[in-house]
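A quick write-up on the structure given underneath.
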Amino acid sequence: AVPVSVVFTPGSVPADLPRQLPYRDVREEPVPVGCKTPTGRRCPRSLPELLWVAPGFLARWQSQPRSRPSPPRLPQGTNVYVGKHRSALVRAGQGLAALRARLQQLTRVMSFTASSIAAALADRVPDGQLGPDARRHLKSSLGYEITFSLLNPDPKSHDVDWDIEGAVNRYVQPVLDKLSVVANFSVDSQILYYAVLGVTPRFDKESSSFLLSAHSLPHVINPVEARLGSSAASLYPVLNFLLYVPERSHSPLYIQDKDGAPVPTNAFHSPRWGGIMIYNIEAPASPQASLPLHVDVDMVRVMEVFLAQLRLLFGISREELPPEFQVESPGNEGLADWELDRLLWAHTVENIATVATTLTSLAQLLDQISNIVIKDDVASEVYRAVASVQDAMAELAEGRLRSAFQASKEAVTSSERAFFDPSLLHLLYFPDDQKFAIYIPLFLPMAVPILLSLAKILREARQRKKEPTKMD
């Protein structure tokens, strides 16, 4: 449950409160989530508490002392104002029922919901229970690598200059500092010349421009990804953000959505991969202008798009807000404190589910191979993973998200060390049937003469016993 503290200002206490202030009220709503393992089997019994989650709230109702200053009044037409920290202003309404309804809407906005539960367990939930964007979020990892690439396919016509270092320090780094509790981040940039899209855009005579339709966008990524070369030697997931300047023969270039309307940002993103933005350059006023044209990229417009895509990739997209809700801007940090809490909760749940699946797979493999030897350090890693999962779930129940997330990361690390231990890997690929298939062709030619000699010796011994003993 989500703890919520409801503080009434003087004169705003509903008249139909059932008890005197302060008091506590608990409301829960179980949400069953079907589960399966990556191999298609049902989830182990060690995940029951993950499959039944109560996204309700534990409310503590109290009144504000008159000595405190009154909070600012809500503007007309706004019933709920959500701050960038862990607080919100709620209009009391016409009674307790209306206030409860607004508090439930508020917890859906600021806390986890059924959709966020399904997104956290996206790899373990049947497809029928997932929304269209459930698998767009990045999987939990100890680190991420972010690569900003400028693609200039026509350097003879365009001399493109972008201040990527200054833009990263000014716009991206504050967001990564806020996300540093989730994972470690490394940022790099590159400029690729003569890197073209793998799709030929269509020319539109009415608008005198080139168009990329929505169904052709998936074919753009593979040819471009081959030129990036950043994910080959990376230990962590790589996020690619590409700024593409169209060549002069295909300018201007615009992206269309599924309905054929132009995309306002002229950009698109690919789940768990990154995003691409097309940056058109205005044609020179004189056709006889000298080439190449010097272009200074508007990094404010570019970073607005890339940061929005970064939020979508990390699953920080907000639920659809009612019209009477107003949300405070998080500023340069890029996300509010309650959005970071949702991200920590989702990654903690995903880590716990990953540990349960890893240890279950390890147990199944050990049951299949009866002669496998478990070393003491492997057993200690398994015990450490189980203890860390228990600590994470206990901290999660108490609402201590950061300590719960750290415990879940330790559990993932210990479980993977146990599963990929070198003492187990070389034994996993030699079951008994493979041993017979390897050693029988080797020892059978040697064993046949030995067995024939033993049989001959036994026959001779039996014949000696049957012959009568001569007596002098």
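The values are calculated or read from the model by the stated rules, or taken from the named source; none is laboratory data. Not measured: the values here are computed from a predicted model. Note that we place each Cβ from the backbone using ideal geometry, even for glycine, and neighbour counts take in every protein chain shown. These accessible areas exclude ligands, DNA and RNA; they are computed on the full protein's heavy atoms, side chains included. Shrake-Rupley method; radii C 1.70, N 1.55, O 1.52, S 1.80 Å.
So here's what we get for this one:
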| item | result |
| --- | --- |
| Hey, GLU320 closer than 27 Å to TYR81 by Cβ, out of contact with any Pro (no Cβ under 8 Å at 6 or more places or on another chain), without any contact (Cβ under 8 Å) to a residue 24 or more places away in the chain and assigned to a loop (DSSP other than H, G, I, E, B) or not | yes |
| Residue that is nearest to ALA407 (Cα to Cα) [pool: residues in region 328-341 that are open to solvent by less than 40 Å² (accessible area, probe 1.4 Å) and out of contact with any Leu (no Cβ under 7 Å at 6 or more places or on another chain)] | LEU340 |
| Residue in region 312-322 that is modelled with pLDDT of 90 or more and basic (Lys, Arg) present | no |
| Test: residue in region 271-284 that is within 26 Å of ASP161 (Cα to Cα) and of a type in the set (Asp, Glu) | yes |
| Residue within region 372-380 that is open to solvent by 40 Å² or more (accessible area, probe 1.4 Å), touching a residue at least 60 places away in the same chain (Cβ under 8 Å) and not aromatic (Phe, Trp, Tyr) present | no |
| Criterion violated by PHE419 - all others in (1) open to solvent by 100 Å² or more (accessible area, probe 1.4 Å); (2) modelled with pLDDT of 80 or more satisfied | (1) |
| Search result, residues across region 304-327 that are open to solvent by 50 Å² or more (accessible area, probe 1.4 Å) and closer than 24 Å to LEU99 by Cα | ARG318, GLU319, GLU320, LEU321, PRO323, GLN326 |
| Which listed residue, of VAL412, VAL386, is aliphatic (A, V, I, L, M) and touching a residue at least 60 places away in the same chain (Cβ under 8 Å) | VAL412 |
| Hits in region 101-115 - residues which are open to solvent by 30 Å² or more (accessible area, probe 1.4 Å) and at pLDDT below 70 | ALA114, SER115 |
| One residue from ALA118, ALA92, ALA97 being open to solvent by 20 Å² or more (accessible area, probe 1.4 Å), assigned to a helix (DSSP H, G or I) and either at pLDDT 80 or above or hydrophobic (A, V, I, L, M, F, W, C) (or both) | ALA97 |
| Test: residue in region 343-355 that is crowded, with 21+ Cβ neighbours inside 10 Å and small (Gly, Ala, Ser) | yes |
